[in-house]
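Asks: Got a structure for you, written out below as structure tokens; questions coming shortly.
The values are calculated or read from the model by the stated rules, or taken from the named source; none is laboratory data. Values in this document were obtained by computation on a predicted structure and should not be read as measured data. Glycine gets a Cβ as well: all are built from the backbone with ideal geometry, and neighbour counts include every protein chain shown. The protein model used for the area step is the full one, side chains on, heavy atoms only, and it has no ligands, DNA or RNA in it. Shrake-Rupley method; radii C 1.70, N 1.55, O 1.52, S 1.80 Å.
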Amino acid sequence: MRRFLTRIRRGGDEGSPALRVWTALTVLVSVFAITAHEDFGALRFSIAGLVALGFLFSWIRRRRNNTWVKLLLTAGCLWAAWVFLQALSQDPYHTSIPLTIFLLWLQTLHSFDLPRRRDLLFSVLTSVVLMAVAAAFTVDMAFGAFFLPYALAACVTLVYNTAEAGMAAAAGGGSAASDPAPAAPPRPALQRGEAVPIAAALLGALLAVAGLVFLFTPRLSGLFITTLPFTPTISIGERLQGGIINPAYPQGGDGTQVFNPNGYFGFGPNVDLRVRGRLNDRVVMRVRTTERRNWRGLVFDVYTGTGWRIDDHRVRLHTAAVPPIELVHGRDDVYAYRGRARRLVQTFYIQQDQPNVAFAVPRAEQIYLPGDHVYVDRYTNVRLPFTLDRGMIYTVVSRPLDPTPEQLQRAGTAYPGFILERYLQLPPSLPPRVAVLARQLTGDAATPYDAVRVVNRYLWTQYRYDLTIGPQRRPGDAVDYFLFAERRGYCEQFASAMAVLLRAAGIPARLVTGYTPGTVHPLTGLLEVRNSDAHAWVEVFFPGVGWVEFEPTPSFPDPAALGDPAVPRWGWEGFARYFSARLAAVTPPAWVISLLPAAGKTLPWMVIAGSLGAALLLLRRAGRFPARVPPVDPVLESYAALLRLLARRGLRRAPGETPREFARRANAVVDRPEIESLTALLETSVFGPNGSTPDAVAAAKRMTALLQDARRFDRADGKRHA
Amino acid sequence: MRTPSLRPTPEGLACLVLAGFLFLLATNLMAGWLFFLVAFLVALLLVGGVTALRGVRHLRVEVGPVPPTVEGGMVAIPVLVQSSRTLRFVRLAAVVGGQRGETFLPVVERGTKRQSPVRLAAPARGVYALGEIRLISPGLIGMFQAERRLPARAEVVVRPRYQVVNDLPVGVSDNGGAEVPQHRRGYELFGIREYLPGDPARHIHWRSSARHRRLLVKEFEEPAAPILALVVDAERGQPPADLDAAARAAASIAWTALQRGWQVTLLWCGADGPATVRGDWEQLWDALARLRADGPPLSQALGRLNAHLRETVPVVVSSRPGSLRLPVVLVAPAGSATAWEYDRDGAVRCAAS
């Protein structure tokens, strides 16, 4: 018992400074990674400094009795737990920072008591947990900048650990302890500087395998969480009182707006169909959700002839002392609830300043955000008391309905009066031919749904989506100009045309602006929504069902087709989709398109195929694929190099001629002592009892290098004298 | 070649458990980077397994003859190692008589051969068969441990310890004096030869010289060295530790006697009948190492060895002398009421001193 306790106290201390240093580096990188997702300020560097100090302390005291240290550390852990629980009780909705601080303190305290190798390994294990927490909170690619150095440091640590464990296992095997005549001090497990190249090569293999595993890891539907993320309560300046502010268009108002490529002009009280311009590709938000859907922003009900506006700005206040804020739909959002729709959680990470509008899937029921109230208008536009600033996070819980075509067919025409009154509105200035067109298109439709599909299909097939259209060349109604003159345009023109045609056909419709789902990033798993994803579409009212989305713009997915999983089932699908989308956003030069008519659509696959082909070619040239070269004795390789050198001088070994005979013959011509020395080494390696010893290998390589240098010198000399 | 076995190390198990837990977390949180971290942990396991298996597949070993060792010392099993790949952190392990030894090879260069003895503490006296050598490889990152057992035919001989004896156990003569156990003394007449200048005059054989009318002298042979007949009791059924102690005592006596110029004949009666070894120290020592308790009782053994014991007073080393009434010098464990006694370490002394 006494021996056991002594062993526990003293332990088999780990005396490898390299292992400790690399373990400390691994832990430090994880500390910086986990503190990157929030602003920890000076705490980050304090923790890092304490961790480094702890490792040094452990190293110095690794052979001593540390009972008092353990007691102090236990007290420290209890204190950290108490602080964490206190923070949770004060604000149970924001656990990320308290949890991060708690984990950091545990790691820091543990750093002060690391006498044995298994304690160091435990530190590495907890650093993986820190990295996991950092990975869970990361929404962009910044995590990669921490992951690579962390992986390298961890690999070096594992290599050192394996080496030290091997030495300890061999020593514990009874060989050294009772050896009356111990052998000479053994070679260190790893020479100085040897571990890093090994780990670097290993890291390459690990990343390749990890990449393959990642591509084929299944992604199932998740987000079964009760505590939904949102930014902690922040101090906001002057709060908005239900108005709509678009930071990209602060002047608002009427008149033709000046286009701002950094923001969509459709996120204000008005949509001006005369605005021309192309939005940039910057990411405006990232969305974590289980389904790909359009993120509705604003609904417009009055068509003015040059654009749309929100007619009724009356809002209702929704408050909550503790999150979430329960939302009640607006007066015009009449839905017939048929059963309980599934719950869809969407968390929005704002990357660029946005209007004070909560983008979300329709039929939002709850919202978690840094504030205690929101405003909801009759259209169920959720207006926030502050604009969405970069870095904000809010979560919306919706219950979307996806009616089947059969349900829509059976909807009938029993529209509520207030719906007809508002959503059949058309300006008196609308040219009659628009209504004529509407009647022509929908005259044969048996049901309103059929009429909607006909109009939808008409716009898809007869008009072209084009972002390069110029300004409206003559004054007049914008929809009329689009339908009969320009015949191409933005999504606003298409959506406006569909809404106007349907209204002219007696079907209530309205314009909606927001964002399309975006593209899922294969590494973060979040949908990246860009400026260029800003979009306008149509909602059509069906009695007994409610407002249903329709997509009139060609090349945009039908909302009925949305609702598929946000993240593809397999990682490789995500990569393919992401890069296809990114490449599709790149327009090939005109001369390329003229040569390859299908280049626009097939360009992504051509790039992928070309990349694969180039990679195969490179691998084949590098000799890695497909043949595997069997290993050769290094001394034999050196002798083969000697034979090649001599062959260039016309000296070839005859069949049946022994190496020694050939060496004598060659020496008579070339007169280099290395020939006979290398031949002697060859004989020793092949026929000797010890084979190719390291000294023999080194000597053979040296001699080959000398001969090669001599050959180069002779050649240069020959040229000089020629 | 036997199929290598692969089992996870504690680090590998921790990695596996953590990967599983993080996968569930990643699925629930739909955090892409967390999936990548899980993939990296899985890659650690896969690469760890592959490098571990590689470490034992490409290694060839040859076991050389094992030099004999002594109790309490070290057994050094010479192993020649060759690899067709550059391998790291490989261990060679051997088990002999319950004792395990390992040697650690930080690196085995491709194509080179190197001697890497496996050293382990010597087990108890005896002869052991080294059945196999184990190759153990944790790979480069220690997630798995691959082990491959290679057959190795080698014999490990552990010889008994011995000590220098101050007084050799000898018999007591009729007049109470010490009787050196030898039956020949003095110079023996070997023959007659021609006189050579310098020969002592007293060696002239006058009668032969007169007969042959020339001077002839007597020629003598070297006096025979004293012969010690050392009998070890190998009776079946005695505890191995007792036979070991007896072997140590016999080794101490034999060593001391040889140092003093005596000839020593080792005798015992085993399962195959009487056995004798007369030779140098190495041969005697080796025979004592191979001694097994598989013979008849001592009195029977002495009867069977009688032919070899004529004209000598043998020294009998026995752990269970009983009431032996034979003209022998009995050396028994301390407290056995014999004239000579030995202890567990092989020290022999006269009981009266």
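Asks: Please give the number of the condition B:Val61 fails out of (1) open to solvent by 20 Å² or more (accessible area, probe 1.4 Å); (2) not in a strand (DSSP E or B).
Replies: Looking at each condition in turn, B:Val61 falls short on (2).
Asks: What pairs can you find where one residue is in the range A:165-179 and within 20 Å of A:Arg117 (Cα to Cα) and among the polar types (S, T, N, Q), the other is modelled with pLDDT of 50 or more and open to solvent by less than 50 Å² (accessible area, probe 1.4 Å), and their Cβ atoms are less than 9 Å apart, with a gap of 6+ or different chains?
Replies: Listed by first residue and then by second, the contacts come to nothing, as the list is empty.
Asks: Anything in the range B:133-171 that is open to solvent by less than 20 Å² (accessible area, probe 1.4 Å), within 12 Å of another protein chain (Cβ to nearest Cβ) and assigned to a strand (DSSP E or B)? List them, or say none.
Replies: Correct list: B:Ile136, B:Ser137.
Asks: A:Ile244 fails exactly one of the following numbered conditions: (1) open to solvent by less than 30 Å² (accessible area, probe 1.4 Å); (2) over 20 Å from A:Pro471 (Cβ atoms); (3) modelled with pLDDT of 90 or more. What is the number of that condition?
Replies: (3)
Asks: Would you mind stating whether A:Ala341 is farther than 24 Å from A:Leu511 by Cα, at pLDDT below 90 and of a type in the set (Gly, Ala, Ser)?
Replies: Here the answer is yes, as A:Ala341 does meet what is asked.
Asks: Residues of the range A:272-288 being of a type outside the set (Val, Ile, Thr) and part of a loop (DSSP other than H, G, I, E, B), which ones?
Replies: Answer for the range A:272-288, where residues must be of a type outside the set (Val, Ile, Thr) and part of a loop (DSSP other than H, G, I, E, B): A:Leu273, A:Arg274, A:Arg276, A:Gly277, A:Arg278, A:Leu279, A:Asn280, A:Asp281, A:Arg282.
Asks: Follow-up. If only one of A:Leu125, A:Leu106 is more than 9 Å from chain B (Cβ to nearest Cβ), at pLDDT 90 or above and open to solvent by 50 Å² or more (accessible area, probe 1.4 Å), which one is it?
Replies: Every option except A:Leu106 fails the conditions.
Asks: Among the residues of the range A:381-423 satisfying the criterion of being small (Gly, Ala, Ser) and open to solvent by 40 Å² or more (accessible area, probe 1.4 Å), which is nearest to A:Leu526 (Cα to Cα)?
Replies: In this case the residue turns out to be A:Gly391.
Asks: Do the conditions hold for A:Leu71, that is, is it within 14 Å of chain B (Cβ to nearest Cβ) and either more than 30 Å from A:Arg288 (Cα to Cα) or open to solvent by 50 Å² or more (accessible area, probe 1.4 Å) (or both)?
Replies: In short, no.
Asks: Something else about it: Pull up the range A:533-549, narrow it to residues that are surrounded by fewer than 23 Cβ atoms within 10 Å (Cβ to Cβ) and of a type in the set (Val, Ile, Thr), then point me to the one that is modelled with the lowest pLDDT.
Replies: Of everything passing the filter in the range A:533-549, A:Val545 is modelled with the lowest pLDDT.
Asks: Here's a follow-up. With the condition kept exactly as written, say whether any residue in the range B:232-253 is at pLDDT 90 or above, open to solvent by less than 10 Å² (accessible area, probe 1.4 Å) and in a strand (DSSP E or B).
Replies: yes
Yes/no per residue for (1) within 22 Å of B:Arg88 (Cβ to Cβ); (2) modelled with pLDDT under 95; (3) polar (S, T, N, Q); (4) touching an Asp or Glu at 6+ places or on another chain (Cβ under 7 Å):
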residue	(1), (2), (3), (4)
B:Leu6	yes, yes, no, no
B:Pro10	yes, yes, no, no
B:Phe21	no, yes, no, no
B:Gly32	no, yes, no, no
B:Val42	no, no, no, no
B:Leu53	yes, yes, no, no
B:Arg57	yes, yes, no, no
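Asks: Another question, if that's okay. Can you name the residue in the range A:673-703 that is in a helix (DSSP H, G or I) and among the polar types (S, T, N, Q) and, of all such residues, is surrounded by the most Cβ atoms within 10 Å (Cβ to Cβ)?
Replies: Among them, the one singled out is A:Ser685.
Asks: Please determine, by comparing only the residues of the range A:554-575 that are among the hydrophobic types (A, V, I, L, M, F, W, C) and open to solvent by less than 30 Å² (accessible area, probe 1.4 Å), which one is nearest to the other protein chains (Cβ to nearest Cβ).
Replies: Within the range A:554-575, the subset among the hydrophobic types (A, V, I, L, M, F, W, C) is A:556, A:560-562, A:566-567, A:570, A:572, A:575.
After this cut, where a residue has to be open to solvent by less than 30 Å² (accessible area, probe 1.4 Å) as well, the list is A:562, A:566-567.
Working: A:Leu562: 17, A:Ala566: 8, A:Val567: 6 Å.
Taking the candidates together, the pick is A:Val567.
Asks: Residue check: is A:Arg653 over 25 Å from B:Lys113 (Cβ atoms) and part of a helix (DSSP H, G or I)?
Replies: The answer is no for A:Arg653.
Asks: Something else now. Could you check, for the range B:7-23, whether at least one of its residues is more than 10 Å from chain A (Cβ to nearest Cβ), open to solvent by 40 Å² or more (accessible area, probe 1.4 Å) and part of a strand (DSSP E or B)?
Replies: Checked the range B:7-23: at least one residue is more than 10 Å from chain A (Cβ to nearest Cβ), open to solvent by 40 Å² or more (accessible area, probe 1.4 Å) and part of a strand (DSSP E or B).
Asks: Identify, please: which residue in the range B:99-132 is part of a strand (DSSP E or B) and of a type in the set (Ser, Thr, Tyr) and is, among those, least open to solvent (accessible area, probe 1.4 Å)?
Replies: Out of the qualifying residues, it is B:Thr112.
Asks: Kindly indicate whether A:Gly204 is under 27 Å from A:Gly371 (Cβ atoms) and either at pLDDT 90 or above or out of contact with any Leu (no Cβ under 9 Å at 6 or more places or on another chain) (or both).
Replies: no
Asks: Here's another thing I want to ask about it. Restricting attention to the range A:359-370, which residues are over 18 Å from A:Val512 (Cα atoms) and open to solvent by 20 Å² or more (accessible area, probe 1.4 Å)?
Replies: A:Glu365, A:Gln366
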